[in-house]
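Below: the structure, in structure tokens.
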Amino acid sequence: MLRMNVAVCVKQIPDPAAPGELDPGTNNLVRTGKLILDDSDAYGVEIALRLAEQAGGGEVTLVSMAPNGEVSGLRTALAMGASRAILVSDEKLAGSDALGTARVLAEAIKRASPDLVLAATESTDGYTGTTPVQVAELLGLPAVTFAKKVEVEGGNVKVERQTEAGYDEVICPLPALVTVTAGVVEPRYPSFKGIMAAKSKPVDQLDVAGLGLSPDQVGAAGAGQRVIEVADAEERGAGEIVEDDGEGFAKIVAYLEQLKIV
Amino acid sequence: MKFSFTDEQIALRDAVADMVAKECPASAVRNAWEGGPGYDPSLWGRLGAMGVFGLLVPEPAGGLGMSAIEMVLVMEEVGRAALPGPIVEQAAAAMPLVAAVPELAERWLEPALAGEAVVTFGPMGDAAGRGVVGTPWGAEADLSLVDHGGQLLALTRDDLHSAEPVSQVDGSWRGALLTPGGGLVVPDGDAQGRAGWERGALAAAAELVGLGARMVEMTVAYVTERRQFGVPVGSYQAVKHHLANAHLAVEYARPAVYRAAWSMARRESTQGRDVSFAKVVAGKSAALAGRVALQCHGAIGYSFEHDLHLWMKRAWVLQASWGDAAVHRARVARSVIAGHTLDTSQGSDEA
């Protein structure tokens, strides 16, 4: 393949280093402040850039949905080397659930006509982990999840898919959607030249009407899910103390097995 | 006069902050104490790839053609991380000089921009008139630019007759007394050397602001966590007032550094005075931050295992480098008395 066009779903999230806040009415995360690129999406961006480089050409298009026309997170990924971005921003999108978000992303992705769609396995602020496969379904694309290695050969994508026991090798015809796990590649740091170039890269801003979606398919109006209740996470317990009678190691092995570490 | 930074300048600063936070944790600073070259070659490569060494190099020469304003923002973050290595020497003092001298640019510009070659700058000069020059990382650098008997010499390792190590209170710092056995006399070396020294002094001031700010942050975190008599020790006024004083000093020094950067970028006639003023207040603020941090940490702050001393000792060394407070105060005084003239004379460190 001479050119490789990759669309990467990226989420711009409130800085996880700052304390988050929930809207007391809807229990949704407050996203009014500055948003940053979700760290877990940097891996998808890095893989996309490498695939385009290896193919000898092509475009990496970022696709994002964010309130208030927020672009700071997109600029970070553009500075890494992505060519352009499609941002969907509309007040009507507030309160969207995973499926509503997937509808928006799928429509936006269509505009990039990619050979491959990449996404993280889940976002750092939402954690549903369902949006990417919903996007694939809406686009009628095959989905390969939990990729730890992604290669393109001919018209196929070859994926090492992380499993509990190791990994499966999956070969899938393009176009396809692949979700990548965090930590599998080292995302590049944006260079100063990249940061300056990012300023002039195109960001197409679209709203719900522009995507051809009806307002009742998205946002709180179209949401089939609602956050009913929020509870504090359980405090960390004191841990279990085991007296070593010479067989202590067996308890450790059993504990690690239960966690599927060994 | 525009007093705020552009989005782009903030983005450059944040990119460096993000990178050094991940790639240069306290353990990396401590590693430089353990021996080795006193810098991390892979981090040098990352700094090069990011463009830090090209900041002040003109665009046609492969740099970014930026100014002292971007430079101080970057150096403040470098200081916040206490990044070990001749970063002030290479990125601020030496690189524009290397780019400007064709004989040096041909061989060294490309590898130095990429962070594959280490270039240092000997700001101490031949202080004792013994024919040797004190140079930070002089034994480790691929190229040393040093003031030798009134001449600016470019020395490769092959040009060194000897390099005698000099120890410092900051164990991550590497210094050497170089005895040149050859080298290239840099044309127009006097003016080039003075300009390099000026950039180094400003970069050191910015680094001191970062060091001071980080020491205050470290201490605030510690006194919020450490409890005594049932409450965090930071809730006591005696501790709060100390930290407020240190914070105030750092916050006061930062705009002085920014002002000096603006003067340098605009080639204002007050540049020398502004750089010296910045160096004095930044050094003082970092020293105060260190002293307050040490006191508020209590006994743990004195221990080698605690990270505080890595930052504090760097501040001590930087305060005395690139002209100590006496040198810079004298320059401010001369400039004030003489009025606004472009005073780029660096005086001497024994002043």
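The values are calculated or read from the model by the stated rules, or taken from the named source; none is laboratory data. Being a predicted model, the structure only gives us computed values, none of them experimental. Heads up, the Cβs are rebuilt from the backbone with ideal geometry, glycines too, and the neighbour counts pull from every protein chain shown.
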Among the residues listed as A:G56, A:G129, the single one being surrounded by fewer than 24 Cβ atoms within 10 Å (Cβ to Cβ) and either closer than 15 Å to A:N5 by Cα or touching a residue at least 24 places away in the same chain (Cβ under 8 Å) (or both) = A:G56
Looking only at the stretch A:194-251, which residues are free of Cβ contacts under 8 Å to residues at least 60 places away in the same chain, surrounded by 10 or more Cβ atoms within 10 Å (Cβ to Cβ) and within 14 Å of chain B (Cβ to nearest Cβ)?
-> A:M196
If you check B:R254, B:R199, B:R226, B:R267, which single one turns out to be over 30 Å from B:Q90 (Cα atoms), of a type in the set (K, R), in the same structural domain as B:A333 (by TED's automatic domain parsing) and out of contact with any Lys or Arg (no Cβ under 8 Å at 6 or more places or on another chain)?
-> B:R226
Condition broken by B:V101, with the remaining ones in (1) closer than 26 Å to B:R266 by Cα; (2) in contact with a Lys or Arg (Cβ under 8 Å, 6 or more places away or on another chain) satisfied = (2)
What is the one condition in (1) part of a loop (DSSP other than H, G, I, E, B); (2) in contact with a strand residue (DSSP E or B) (Cβ under 6 Å, 6 or more places away or on another chain); (3) at pLDDT below 95 that B:G129 does not satisfy?
-> (2)
Among (1) in a helix (DSSP H, G or I); (2) touching a Pro at 6+ places or on another chain (Cβ under 9 Å); (3) not acidic (D, E), where does A:T61 come up short?
-> (1)
For the stretch B:302-318 the number of residues that are of a type outside the set (A, V, I, L, M), over 17 Å from the mean Cα position of the chain (by Cα) and buried (at least 20 other Cβ atoms within 10 Å of the Cβ) is 1
Which of the following residues is within 24 Å of B:W173 (Cβ to Cβ), of a type in the set (D, E) and in contact (Cβ under 8 Å) with a residue 12 or more places away in the chain: B:E34, B:E70, B:E77?
-> B:E77
So A:S191, is it polar (S, T, N, Q) and within 14 Å of chain B (Cβ to nearest Cβ) | yes
Among helices (runs of 4 or more DSSP H) completely within the stretch B:1-103, the ones holding 3 or more residues that are under 20 Å from B:M218 (Cβ atoms) and away from chain A (no Cβ under 14 Å) are B:26-33, B:68-80
Of these, B:A221, B:A265, B:A201, B:A282, which one is under 27 Å from B:R30 (Cβ atoms) and buried (at least 16 other Cβ atoms within 10 Å of the Cβ)?
-> B:A282
Scanning the stretch B:1-45 for residues that are over 19 Å from the mean Cα position of the chain (by Cα) and hydroxyl-bearing (S, T, Y), the one farthest from B:R254 (Cα to Cα) turns out to be B:S42
Quick one: which residue in A:A221, A:A250, A:A238 is in contact with a Pro (Cβ under 7 Å, 6 or more places away or on another chain) and over 13 Å from A:E107 (Cβ atoms)?
-> A:A221
Does any residue of the stretch A:86-105 turn out to be closer than 20 Å to A:I195 by Cβ and assigned to a loop (DSSP other than H, G, I, E, B)?
-> no
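For the stretch A:14-31, check the following and say yes or no: at least one residue is assigned to a loop (DSSP other than H, G, I, E, B), within 21 Å of A:G194 (Cα to Cα), modelled with pLDDT under 95 and not hydroxyl-bearing (S, T, Y).
no
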Among the residues of the stretch B:164-198, count how many are assigned to a loop (DSSP other than H, G, I, E, B), surrounded by 17 or more Cβ atoms within 10 Å (Cβ to Cβ) and charged (D, E, K, R).
-> 2
